[in-house]
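Okay, structure first, notes after.
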Amino acid sequence: MFDKLFTPNPEAEKPAPLNPRKGVIIGVGQVGLACAYSLLIQDCFDELVLQDLAQDKTEGEVMDFLSGMPFLPPTELKVGTVADEGRNADLVIITAGAAQKPGESRLNLVEKNVSIFKSILADVVKYCPDAILLIVSNPVDIMTYVTLKISGFPSSRVIGSGTVLDTARFRTLLARKLDIDARSVHAYIVGEHGDSELPVWSTANVAGAKLVPNGWENLASDEQNQLNTIFEQVKNAAYEIIKRKGYTSYGIGLAVTDIVKAILRSQERVLTVSSLVEGLYGINNVCLGLPTVVNEKGILKTVNLTLSEGEEKQLRDSAQVLTEVFTQLKL
């Protein structure tokens, strides 16, 4: 019946995409689904595989997505694993792990998620040996380090979502205060994606005009309080969202998509992803978020931010928080 709709050219073959882009999302909970939705509507992959232990539910999610495919750029969406449908993926995104509960810090999740990652990464290493690994599961800096050590991949190909979302929240709140587009605010949150993260006020600017032109110590106390309030809202945003709806999803889904586009399209974007830090600011053997150039090879280079003395100390303190956790891990 369907064959009668077309008259085939006997000499023609169905062409494969010139550079087929294949991705796998491991973990199809609220975060994984938000990532999948954002990646689909922004035309990031030619083929996307969703892997989760809850296979029936994942199949239902894929069926739901497929209903809307006529509204989207074409993507072959499948349920599978890295051992079958996901073999030789360009990019493996890991969102699997225990969910953060109300009142629970990201670091409380470490032991639960390390055991989960050990079971996941064996197949990833075997069947996707050339992939870039993008870690989203919390605590993301710890899990990025865990992935680096277990996988044996070069550090350029193991990336955490880091403080990309925190930086976006920071820019959004500053933009609202300044009444401008958030994309015109250039300001970073660095360090741990968690309670020890810090704002880089010394370089924050709009069109080159610094927000704190004469240094933090020269601000009036009420100005410091205003800026501290903005930062506290950034740092506590996830806790506030989880308290109200039980989880975060849309923001991180969009953040992950930005990272994926930077990789697949070799955009050489500067993003505050989490990656291995060796020798910067006196920090060694730690994964944390810093402004980093990302392209099709993964981590290309890290921006040498000129931090104030106080910011350098805060960053080293943040690194120490993570180091203390790393030293207790049994990998």
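Looking at the structure I just gave you, is GLY289 touching an Asp or Glu at 6+ places or on another chain (Cβ under 8 Å), buried (at least 20 other Cβ atoms within 10 Å of the Cβ), of a type outside the set (Ser, Thr, Tyr) and at pLDDT 95 or above? Spelling it out, GLY289 is indeed touching an Asp or Glu at 6+ places or on another chain (Cβ under 8 Å), buried (at least 20 other Cβ atoms within 10 Å of the Cβ), of a type outside the set (Ser, Thr, Tyr) and at pLDDT 95 or above.
Scanning segment 129-141 finds one or more residues that are part of a helix (DSSP H, G or I), in contact (Cβ under 8 Å) with a residue 12 or more places away in the chain and not hydroxyl-bearing (Ser, Thr, Tyr). Screening ASP3 against (1) at pLDDT below 95; (2) assigned to a loop (DSSP other than H, G, I, E, B); (3) farther than 21 Å from ALA262 by Cα leaves a single unmet condition, (2).
Here ASN218 clears all of (1) modelled with pLDDT under 95; (2) surrounded by 19 or more Cβ atoms within 10 Å (Cβ to Cβ) except the condition numbered (2). Taking segment 145-194 as the range and being closer than 27 Å to ASN284 by Cα, surrounded by fewer than 24 Cβ atoms within 10 Å (Cβ to Cβ) and among the β-branched types (Val, Ile, Thr) as the test, only ILE150 passes.
Each row is one residue, and each column tells you yes or no for (1) without any contact (Cβ under 8 Å) to a residue 60 or more places away in the chain; (2) assigned to a loop (DSSP other than H, G, I, E, B).
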{"site": "PHE45", "(1), (2)": "no, yes"}
{"site": "VAL49", "(1), (2)": "yes, no"}
{"site": "GLU59", "(1), (2)": "yes, no"}
{"site": "VAL62", "(1), (2)": "yes, no"}
{"site": "PHE65", "(1), (2)": "yes, no"}
{"site": "PRO70", "(1), (2)": "yes, no"}
{"site": "LEU77", "(1), (2)": "yes, no"}
{"site": "ASP84", "(1), (2)": "yes, yes"}
{"site": "ALA89", "(1), (2)": "no, yes"}
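Just one of the numbered conditions (1) touching a residue at least 24 places away in the same chain (Cβ under 8 Å); (2) within 30 Å of PRO213 (Cα to Cα) is not true of GLU309; which one? That leaves (1) as the condition not met.
Here's the yes/no breakdown for (1) within 12 Å of the chain's Cα centre (by Cα); (2) outside the structural domain of LYS261 (by TED's automatic domain parsing); (3) among the hydrophobic types (A, V, I, L, M, F, W, C):
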| position | (1), (2), (3) |
| --- | --- |
| GLY97 | no, yes, no |
| GLY103 | no, yes, no |
| ILE120 | no, yes, yes |
| ALA131 | no, yes, yes |
| PRO139 | yes, yes, no |
| ARG169 | no, no, no |
| LEU174 | no, no, yes |
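For segment 239-264, the set of residues classified as in contact (Cβ under 8 Å) with a residue 12 or more places away in the chain, of a type in the set (D, E, K, R) and surrounded by fewer than 17 Cβ atoms within 10 Å (Cβ to Cβ) consists of LYS243 only. Against the numbered list (1) in a helix (DSSP H, G or I); (2) at pLDDT below 95; (3) out of contact with any helix residue (DSSP H, G or I) (no Cβ under 8 Å at 6 or more places or on another chain); (4) more than 20 Å from THR58 (Cβ to Cβ), ILE116 comes up short only at (4). Taking segment 185-281 and the helices (runs of 4 or more DSSP H) fully enclosed by it, the elements with 1 or more residues that are touching a strand residue (DSSP E or B) at 6+ places or on another chain (Cβ under 8 Å) are at 221-235, 250-264. Of the residues ASN304, ASN284, the single one that is loosely packed, with under 14 Cβ neighbours inside 10 Å, touching a residue at least 12 places away in the same chain (Cβ under 8 Å) and not assigned by TED's automatic domain parsing to the domain that holds GLY32 is ASN304.
Being in a loop (DSSP other than H, G, I, E, B), at pLDDT below 95 and touching a Lys or Arg at 6+ places or on another chain (Cβ under 6 Å) is a description that does not apply to LEU305.
The values are calculated or read from the model by the stated rules, or taken from the named source; none is laboratory data. Predicted model only: the values in this text are computed from it and were never measured. Quick reminder, even Gly has a Cβ in these numbers, built from the backbone with ideal geometry, and neighbours come from all protein chains shown.
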